[in-house]
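Engineer: What follows is a single structure, and I will ask about it in a moment.
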Amino acid sequence: MRFDVTVLGCGAATPTERYQPTSQILNISEKWYLLDAGEGVQIALRSQRVPFQKIEQVFISHMHGDHVLGLPGLIGSMNLLGRRRPLILHGPVVLERWLMECLRLTSTYLNFELEFSVNNQDQIDTCWLDGDIQVLSAPVKHRVEAYGYRFNWTPKLLNLKKQQVEAFDLTRSEVIQLKNGQNVQRENGQLLIVEEMCYTLNPGLSYVFSGDTAPCVSLDELAEGANLLYHEATFMESLSIRAKQTGHSTSRQAANTALKAGVDTLLLGHFSSRYRSLKGLLDEAFEVFESVQLAEEKTCYDVQSFCRI
Ligand SMILES: [Zn+2]
Ligand SMILES: [Zn+2]
């Protein structure tokens, strides 16, 4: 059982020797989701030993090159490597037209289906539901149509306390019932209550990705109570006017969002190459919100480990 996020690229705008453009790979209980696909995404995935064909879904925040230019190449490679299963892509409405034109003009003929799912432009909405995994998209505030995403995972199966299994001599069907969160009523009138038989009910885990955005209400709502929020922090406060003009955030604004939303931990990313040291970004955020870290590439973050409960 795992829910982790590996940052593949956390640089802004252009690839540098230090940082790759944005992309992340999520593993939620062995479901693999790619979040954005900046240039270099294939190499980054290989370095993390993620087989391309395991990726089931791609979630694109917006159509700026530093978030999508790695996608046609990745899809071409999936094809060359023999993919047959469909790939589901979520994002802005223009994603399909752009990608299909890219593939057509590069004579890339796929042996598998691309299924496009267009995000709701007006409000927070569920864009994917798969058993105990729910993905929400939210329109955010950038220079172009852009989205943040929230990944909620609520494992349905609970862990039984071993001593209770023995003490009550549970049958197989009783075990299944309790693990599914249902109380057991025995014929002799005895009631076995889930909360007493199992470890604390799991409130679920959640991860939020801001995409590129200036502060906005929909992101505040999307991030509410999340365990981990990855938020872009392109600028320091001294360039707040530039941040506003370009539809980005300062690290302090990211911290404000984390504070308002009551997240457990804030992970800053989308670093501008203008800052040699990122300490200033971290310090300005820390003045507002103390549970904050700078994202690091090729680093795997276990969402459970940020859970304060
Ligand atoms: Zn960007
Ligand atoms: Zn952008």
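Engineer: Contact list please: Cβ distance under 6 Å, first residue in segment 219-234 and free of Cβ contacts under 8 Å to residues at least 40 places away in the same chain, second residue in a loop (DSSP other than H, G, I, E, B) and not charged (D, E, K, R), pairs at least six apart or on different chains.
Structural biologist: 225/262; 229/223; 229/263; 231/210
Engineer: Residues that are within 19 Å of residue 37 (Cα to Cα): which strands (runs of 3 or more DSSP E) entirely in segment 96-176 hold 3 or more of them?
Structural biologist: In segment 96-176, 114-118, 133-140, 146-153 are the strands (runs of 3 or more DSSP E) which contain 3 or more residues that are within 19 Å of residue 37 (Cα to Cα).
Engineer: Considering only residues of segment 204-235 that are within 22 Å of residue 286 (Cβ to Cβ) and of a type in the set (S, T, N, Q), which is nearest to ligand 1 (Cβ to nearest atom)?
Structural biologist: This residue is 234.
Engineer: Taking residue 197 and the conditions (1) out of contact with any helix residue (DSSP H, G or I) (no Cβ under 6 Å at 6 or more places or on another chain); (2) over 19 Å from residue 140 (Cβ atoms), which numbered condition does it fall short on, given that it satisfies the others?
Structural biologist: Condition not satisfied by residue 197: (1).
Engineer: Taking residue 223 as the residue in question, decide whether it is within 16 Å of ligand 2 (Cβ to nearest atom), among the hydrophobic types (A, V, I, L, M, F, W, C) and closer than 23 Å to residue 23 by Cβ.
Structural biologist: Criteria not met by residue 223.
Engineer: Just to be sure I understand the filter: pairs with C-beta atoms under 7 Å, separated by 6 or more residues or on different chains, first member in segment 282-301 and free of Cβ contacts under 8 Å to residues at least 40 places away in the same chain, second member among the acidic types (Asp, Glu). Which pairs pass?
Structural biologist: 291/264
Engineer: Anything in segment 136-174 that is small (Gly, Ala, Ser) and loosely packed, with under 13 Cβ neighbours inside 10 Å? List them, or say none.
Structural biologist: Scanning segment 136-174 gives 167, 173.
Engineer: Any idea which of (1) over 18 Å from residue 209 (Cα atoms); (2) at pLDDT below 95 is the one residue 284 doesn't satisfy?
Structural biologist: Just one mismatch for residue 284, condition (2).
Engineer: With modelled with pLDDT of 95 or more, away from ligand 1 (no atom under 16 Å from the Cβ) and more than 26 Å from residue 303 (Cβ to Cβ) as the only criterion, which of 96, 17, 39 stands out?
Structural biologist: It is 96.
Engineer: Out of segment 249-281, which residues are part of a loop (DSSP other than H, G, I, E, B), in contact (Cβ under 8 Å) with a residue 60 or more places away in the chain and under 15 Å from residue 210 (Cα atoms)?
Structural biologist: 270
Engineer: Of all residues in segment 20-36, which are among the β-branched types (Val, Ile, Thr) and within 12 Å of ligand 1 (Cβ to nearest atom)?
Structural biologist: Matches in segment 20-36: 22 only.
Engineer: Is it true that residue 44 is in a loop (DSSP other than H, G, I, E, B) and assigned by TED's automatic domain parsing to the domain that holds residue 234?
Structural biologist: It is false that residue 44 is in a loop (DSSP other than H, G, I, E, B) and assigned by TED's automatic domain parsing to the domain that holds residue 234.
Engineer: Just give me the residues in segment 236-252 being out of contact with any Pro (no Cβ under 8 Å at 6 or more places or on another chain), within 16 Å of ligand 1 (Cβ to nearest atom) and within 25 Å of residue 308 (Cβ to Cβ), in sequence order.
Structural biologist: Scanning segment 236-252 gives a single hit, 251.
Engineer: Here's something else I'd like to know. For segment 60-87, enumerate the residues that are within 16 Å of ligand 1 (Cβ to nearest atom) and assigned to a helix (DSSP H, G or I).
Structural biologist: Those that are within 16 Å of ligand 1 (Cβ to nearest atom) and assigned to a helix (DSSP H, G or I): 65, 66, 67, 68, 71.
Engineer: Looking at (1) in contact with a helix residue (DSSP H, G or I) (Cβ under 9 Å, 6 or more places away or on another chain); (2) of a type in the set (D, E, K, R); (3) assigned to a loop (DSSP other than H, G, I, E, B), which is the only condition residue 284 fails?
Structural biologist: If we test residue 284 against (1) in contact with a helix residue (DSSP H, G or I) (Cβ under 9 Å, 6 or more places away or on another chain); (2) of a type in the set (D, E, K, R); (3) assigned to a loop (DSSP other than H, G, I, E, B), just (3) comes out false.
The values are calculated or read from the model by the stated rules, or taken from the named source; none is laboratory data. Bear in mind that the values here come from a model prediction, so they are computed numbers and not experimental data. Methodologically, a virtual Cβ is constructed for each residue, glycine included, from the backbone with ideal geometry; neighbour enumeration extends over all protein chains shown.
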